[in-house]
Amino acid sequence: MSASSSSGGVTVRYVGGPTALLEIAGVRLLTDPTFDPPGDYPIGERKLVKTAGAALTPEEIGPVDAVLLSHDHHPDNLDRAGRAYTAGAPLVLSTAAARERLGGTVRALADGEQLTLPRPDGGTLTVTGVPAQHGPDGTEHLVGEVTGFVLSGAGLPTVYVSGDNASLDVVRAIAERFGPFDVALLFAGGAQTPLLGDAYLTLPSDRAAEAAGLLGARQVVPLHFEHWGHFTQGSDSLVEAFRRAGIEDRLRLLKPGERIEL
């Protein structure tokens, strides 16, 4: 696939954390629903600390055609209110593990598997499952199963939604299979927790900039880089990293609640 000169663009509205509302050719998609207020959220014997709430409520977002859920087992990617929203969604695309745990309308989308969603104009939007690695090599048994997504269609931009991925090798493989991309939504923030010590669970800023280059992404919208205490890098370091890489013009850094048409 290659980046296309599209007759329709992509609209992204940043809700907060990993959550964004995407509209492509009339199809509405929501990434990793999180709506709970700030506070402590247990995860096993540890806890994650949320520092800011969502900019929009589930009611303000309204119905969507599908939820793109990178994984269900961490509260910073799917919280209590997010689970309630997901339970009412007509379709949730995620991992096989999420399908087993959540049931309902959750459908596992394996690597390379495709699903088409109808567009109001009579065409279709294709969602393809792609890998994501939520930590260094060999830690999958600790961090759990995660997935990413590629969105494409005739006359539409090609969009990559990374999910919680920390591996540039994964990005490189996706770029070779599907790139270049018109838009990349990269989960960044350089997340670290005691589970893996100094290892990153998501892309730090310099790797996010490198990923943008590998993907050939014309425009990059960072997600999941703020609003939680386990992120080690934020908006300032993203701006600096993209500047050092000479691609600061590609960075679209949104404020919570902000909407942009790409």
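The values are calculated or read from the model by the stated rules, or taken from the named source; none is laboratory data. Keep in mind the model is a prediction, meaning the values are calculated, not measured. All Cβ positions, even for glycine, are placed from backbone atoms using ideal geometry, and neighbour counts span all protein chains on display.
One table, with the values for the structure above:
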quantity	calculated
In segment 240-257, the residues that are touching a Leu at 6+ places or on another chain (Cβ under 8 Å) and closer than 13 Å to V220 by Cβ	F242, L251, R252, L253
Number of positions in segment 157-175 that are touching a helix residue (DSSP H, G or I) at 6+ places or on another chain (Cβ under 9 Å), farther than 30 Å from G44 by Cα and surrounded by fewer than 19 Cβ atoms within 10 Å (Cβ to Cβ)	1
Pick from segment 37-75, criterion more than 19 Å from the chain's Cα centre (by Cα) and among the charged types (D, E, K, R), ranking: modelled with the lowest pLDDT	E45
All positions within segment 67-81 that are crowded, with 21+ Cβ neighbours inside 10 Å and assigned to a loop (DSSP other than H, G, I, E, B)	L69, S70, H71, D72, H74, D76, N77, L78, D79
Condition broken by T202, with the remaining ones in (1) in contact (Cβ under 8 Å) with a residue 24 or more places away in the chain; (2) out of contact with any strand residue (DSSP E or B) (no Cβ under 6 Å at 6 or more places or on another chain) satisfied	(2)
Unique match (being β-branched (V, I, T), out of contact with any Gly (no Cβ under 6 Å at 6 or more places or on another chain) and within 23 Å of A191 (Cα to Cα)) among T139, T158	T139
Cβ pairs under 8 Å, 6+ apart, first in segment 111-137 and modelled with pLDDT under 95, second of a type in the set (F, W, Y)	G135/Y200; P136/Y200
Residue satisfying all of: in segment 191-235; assigned to a loop (DSSP other than H, G, I, E, B) and under 14 Å from the mean Cα position of the chain (by Cα); modelled with the lowest pLDDT among these	L201
Residue check for A154: free of Cβ contacts under 8 Å to residues at least 60 places away in the same chain, surrounded by fewer than 24 Cβ atoms within 10 Å (Cβ to Cβ), of a type in the set (G, A, S) and outside any helix (DSSP H, G or I)	yes
Answer from A89, A98, A84 - the residue that is over 23 Å from L156 (Cα atoms), part of a loop (DSSP other than H, G, I, E, B), out of contact with any helix residue (DSSP H, G or I) (no Cβ under 7 Å at 6 or more places or on another chain) and hydrophobic (A, V, I, L, M, F, W, C)	A89
